[in-house]
1. Length gain on complete extension for the stretch residue 264 to residue 152, per 0.36 nm per residue less the alpha carbon to alpha carbon distance?
2. Relative to the present Cα-Cα distance, how much length would full extension add between residue 197 and residue 224 at 0.36 nm per residue of separation?
3. Leaving out ligands, DNA and RNA, what percent of the accessible area of the range 129-211 is carbon and sulfur, probe 1.4 Å?
4. Rank 50, 359 by accessible area, highest first, at a 1.4 Å probe radius?
5. For residue 47 and residue 348, calculate 0.36 nm times their separation in residues minus their Cα-Cα distance, and state this gained length in nm to one decimal.
6. If 300, 148, 354, 197 are ordered by their accessible area, calculated over protein heavy atoms with a 1.4 Å probe, which sequence runs from highest to lowest?
7. Starting from the Cα gyration tensor of the chain, multiply each eigenvalue by 5, take the square root, and state the resulting semi-axes largest first in whole Å.
8. Enter the accessible area per residue of the chain (Å², integer; probe 1.4 Å; all protein chains in place).
Amino acid sequence: MSQFTHSIKVPTQYKATAKILKTAIEKQKSVKSLIFEEKHARVRSLQAVLRHYSDNRGAIDNAIEETGLLKENPKLDSALAKVLVTELIFGRGQLNGESRPVQTVRSFKERLEQAISGSENQKKEPNPRYVRINTNLLSIADALEYLYGEEWRRKQLAADVTYADFLVAIRALEEDEFLMDIHVEGVLIFHSKWNHYWASHEYVRTKKFILQNKATCLAAELLAPPVGSTVLDMCAAPGMKTLHICNVMHNQGRIYAVEQSKDRYRALCDITNEAGCQIVTPILGDTLTIDGTKCPDVEYILVDPSCSGNGMQSRISVCDEQKDDKRLYKLAGLQIKILSHAMSSFPNVKRIVYCTCSLWKEENEQVVQRCLELNPSFKLLSCKKALRNKWQNVGDKEYVKVGKNCLYCLPDQDLTDGIFLAMFEKRQDNDNE
């Protein structure tokens, strides 16, 4: 006779998480969108378990295989097993209820822990926590005074520090130290241990501090609109880059911020209002219908369109993602349309920055190359030179006159999200370069 009680149901939260995991693996769907669609579960709990699985996938899958959990229990659903093992070993350390799957996994706890402790699948060390000062609400001097008062120690670097030495300094951060970024004013760098601390901090909640990855801050840094200028952010929500541009402009001038989705438009309005942006004009609409008549006098444009997002380190990845050529082709088509529209529809534009959180050339160098062919009145500027040559990773030099001028942020090398950037300038009438 079985030692398990069959009539007890698996808790709904475990079933909902397993359903998302199974769909994400089998249909290669985004975990984030599947969580958003889930109506009957606690979202934060779902995210926590799936994040733990994503971070420790190799070790968990190997432990399940090594212990024979599924071989000895062929009726146990694979996705549910992964969820329960994740919660038991990497999550809360205990499982709710007395359902058969829960009891089965519980009975394997010692063997699973042994398999994981001997596993060669080491969890990747997370990148540092980047915190940007929102100078609309808090000066850099006041922010530093606050940090010193909280007994944080600033790690000082030489004024002429090399980029390589800067990366060494980030990796060597003590837990009570922070660094000031060498590229972007107002970006603070903390040890990864403090990720959750800053996520729930009062200064973050009140928008004095913004949790924004350093790589995405480079967009506003390269665009560099002067105080008082007119800027267009063509794909603006949720608004982090819009807010940063506002800080760069000292909250003086005008920023048109366009977003097509109603929900994302509301998020854009909320963050710019809460963050003290006085110069942002949010626009709900299709960015391809916006031109110089609707947004006059635009001089600087940020183009940050929808992309595959495979560079984002915050993504919850539950399987080895396959390159989807069909999807990339569609995305690149839209990206070319939007960037080309920026180049051709605003007569006063001086500079355009194109940015994606993708590491695929189809969305990056190839889009840049095609838009330059379609719009010969623009030329590429060197992103590396704009960063005083304190950078390593540029584009693929096989794309002549394109690759060397573009910039990549690579997670393992630059300790940031994976981001691509290109900077365009309108040619002068006598510019035949």
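The values are calculated or read from the model by the stated rules, or taken from the named source; none is laboratory data. Everything numeric in this text was worked out from a predicted model, so none of it was measured. Positions of Cβ are generated from backbone atoms using ideal geometry, with glycine treated the same way; all protein chains shown enter the neighbour counts. Ligands, DNA and RNA are excluded from the accessible area calculation, which covers all protein heavy atoms including side chains. Shrake-Rupley method; radii C 1.70, N 1.55, O 1.52, S 1.80 Å.
1. Numbers: separation 112, 0.36 × 112 = 40.32 nm, distance 3.55 nm.
Extra length from residue 264 to residue 152 when fully extended: 36.8 nm.
2. Details: separation 27, 0.36 × 27 = 9.72 nm, distance 3.11 nm.
Net length gain for the segment: 6.6 nm.
3. Working: 1990 of 4150 Å².
Using a 1.4 Å probe with all protein chains present, the range 129-211 comes out at 48 percent carbon and sulfur.
4. On the way: 50 0, 359 55 Å².
Greatest to least solvent exposure: 359, 50.
5. Details: separation 301, 0.36 × 301 = 108.36 nm, distance 4.50 nm.
So the chain would gain 103.9 nm between residue 47 and residue 348.
6. Numbers: 300 25, 148 105, 354 0, 197 80 Å².
Order by accessible area, largest first: 148, 197, 300, 354.
7. Working: eigenvalues 365, 127, 92 Å².
Largest first, the chain gives 43, 25, 21 Å.
8. Numbers: 21660 Å² over 433 residues.
With all protein chains present, the chain gives 50 Å² per residue.
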